[in-house]
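*Asks:* Questions regarding the structure given below will be posed in turn.
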Amino acid sequence: MQQSDLRDRMNPVERKSLPGILDTGPLTRDVFAIRDAQVNLFIVRGPEGLVCIDTGWRPQAVMAGFDALHLDIHDVVAVLLTHGHWDHAQCSEVFTNARVYQGRGGKPAKSPRILVRNRECISVAGLEARAIATPGHTPDSMSWLIDGRYLFTGDAIFLRKGKVFPFPSKFNDDQEMARRSIRKLSRLKGIEHLITAHTGATNNYKDAFR
Ligand SMILES: [Zn+2]
């Protein structure tokens, strides 16, 4: 599938409301974005395989993204879900060699999941992944800190012009809890890249929370 075909799936209203969304391509040497219409999923390359943050929702588009990046979906050994919403978690079946990790408190899923707790640290593909519970958007929302440098926030953060906001309240289960989760993330140190699922990324962590 051509990139332009993927781009066309997002209507102009979505384009305008999600100006920071990333097109499929590398973000750093070892982090890659795939855009599946209105959502990004991410791949982190580790010494022992690939790790995906979220799954996207359309198998064709997700697999086309791997092809475009010259990466093999079968090398994905772990999927770390930021939450169970369909656009983030619906494609987990295409990752046939991966274990799928998710925060507690979500709706039961069709495929098997390994449930993780706040601050739980797992070793995946030679990388260290720490789960940081950031409820508010949903009860099971997890941010994932990879090797202490890359923070994937799913829908816990809405970036606008490099600044951090909660998602509009109509998208969040509990807006006050979402704000508390953002305050919790603001205290993390050493983050090199803050990476969201719908609104792009920034490499200026301090400034993003100012
Ligand atoms: Zn969501």
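Taken together, the values in this text are just the output of simple stated rules run on the coordinates, not laboratory data. Bear in mind the structure is a predicted one, so any value in this text is a computation, not a measurement. Quick reminder, even Gly has a Cβ in these numbers, built from the backbone with ideal geometry, and neighbours come from all protein chains shown.
*Asks:* May I ask you to list the aspartates and glutamates whose Cα is less than 15 Å away from that of K189, ignoring any residue fewer than eight positions away on the same chain?
*Replies:* In chain and number order, the partners are D147, D207.
*Asks:* Applying the Karplus parametrisation 6.51 cos²θ - 1.76 cosθ + 1.60 with θ = phi - 60° to the phi angles of the range 134-141, what ³J(HN,Hα) value in whole Hz is obtained for each residue in order, glycine and proline being reported as x?
*Replies:* 10, x, x, 4, 9, x, 8, 4
*Asks:* Which of the trypsin sites (Lys or Arg not before Pro) found in the range 14-70 are in a DSSP loop and have at most 16 neighbouring Cβ atoms, other than their own, within 10 Å?
*Replies:* R29
*Asks:* Between the range 126-179 and the range 56-91, what's the alpha-carbon centroid distance in Å?
*Replies:* Going from one Cα centre to the other spans 19 Å.
*Asks:* Another question about this same structure. Which number comes out as Rg/Rh for the chain once both Rg and the Kirkwood Rh are worked out on C-alpha atoms?
*Replies:* Result for the chain is an Rg/Rh of 0.93.
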